[in-house]
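Chemist: One structure is given below, represented as structure tokens, and several questions about it will come after.
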Amino acid sequence: MKTLVIVGHPKVAESTTQQLFKAGVASSDDITWHQLTETLDVNLEQALLLQADRVVFQFPLYWYSAPALLKHWQDTVLTTKFSVGTAYSLAGKELGLVISTGAAKKEFQSGADEQFTMSEILRPYEALANKTKMKYLTPLVVYQFPYLTKLQQERLFINYQRYLTDPKFNHFVGQEKWITQRLLQKN
């Protein structure tokens, strides 16, 4: 399985979360870490999408959405002709989200500070997947990374790797098989 990680974080070098994630993909040939910049080559971006089985948008949550960098990428690269024209170029591919937020998980519910669940906030991405005939994956959300213990960060590191590479990342059987494969590769 080939995974394309589209990193829409405007300050990757300053982000400890993004640095952990970047280290998590360093040794994988099947993962393309694609950090967005202001300059876009639409043909190259679309070619990267076509090569991937799983596409992951990775970004910090800014005002209940992605940073402008990723939104600009979406508006420029996901043209109607490419995404939903007669070809449906992305059909059958998976769309995942890796989101980081400074608010606590408990705040994303009715009656709490944020008032909305993370699923409600991320609904436009689910709609995008539906419109382009992609399979929408359960998002991987990282709440308050700076407050995670070393052990929690290590677990996140493994969960992130699984999210990018495991076809059945959200099933126990998939987790067991993925871990077994990794252990066998080490020997």
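The values are calculated or read from the model by the stated rules, or taken from the named source; none is laboratory data. Keep in mind that this is a model prediction, so the values were computed, not measured. Note that each Cβ is placed from the backbone with ideal geometry, even for glycine, and that neighbours are counted across all protein chains shown. Please note that ligands, DNA and RNA were not included when accessible areas were found on the heavy atoms of the full protein model with its side chains. Shrake-Rupley method; radii C 1.70, N 1.55, O 1.52, S 1.80 Å.
Chemist: With the full set of protein chains in place, find how many percent of the accessible area of the chain is carbon and sulfur; take the probe as 1.4 Å.
Modeler: 53
Chemist: May I ask you to list the lysines whose Cα is less than 28 Å away from that of K135, ignoring any residue fewer than eight positions away on the same chain?
Modeler: Here the lysines satisfying the reach criterion relative to K135 are K2, K22, K71, K81, K93, K105, K106, K168, K177.
Chemist: Students often forget the sequence filter, so: which aspartates and glutamates lie under 19 Å Cα-Cα from K11 once same-chain residues fewer than 8 apart are removed?
Modeler: E38
Chemist: Would you mind calculating the gained length between Q35 and D75 on full extension (0.36 nm times residue separation, minus the Cα-Cα distance), in nm to one decimal?
Modeler: 12.7 nm
Chemist: Name the aspartates and glutamates eligible as straight-distance cross-link partners of K133: C-alpha to C-alpha under 17 Å, and not fewer than 8 places from it in the same chain.
Modeler: In chain and number order, the partners are D53, E94.
Chemist: Helix-only estimate, please: 222 nm mean residue ellipticity of the chain, summing -39500 (n - 2.57) across DSSP H runs of length 4 or more and dividing by its residues, to the nearest 500.
Modeler: Using -39500 (n - 2.57) per qualifying helix, the result is -12000 deg cm²/dmol.
Chemist: Moving to a separate point now. Need the C-alpha centroid separation for region 106-144 versus region 1-26, integer Å.
Modeler: So the two Cα centres are separated by 20 Å.
Chemist: For region 32-108, what number results from the quotient of the Cα radius of gyration and 2.2 N^0.38 Å?
Modeler: 1.21
Chemist: Rounded to the nearest 0.05, what FRET efficiency do L50 and E120 have when you use their Cβ-Cβ distance and R0 = 30 Å?
Modeler: Plugging the Cβ-Cβ distance into 1/(1 + (r/R0)^6) gives 0.45.
Chemist: Another question, if that's okay. Enter the accessible area per residue of the chain (Å², integer; probe 1.4 Å; all protein chains in place).
Modeler: Value for the chain: 57 Å² per residue.
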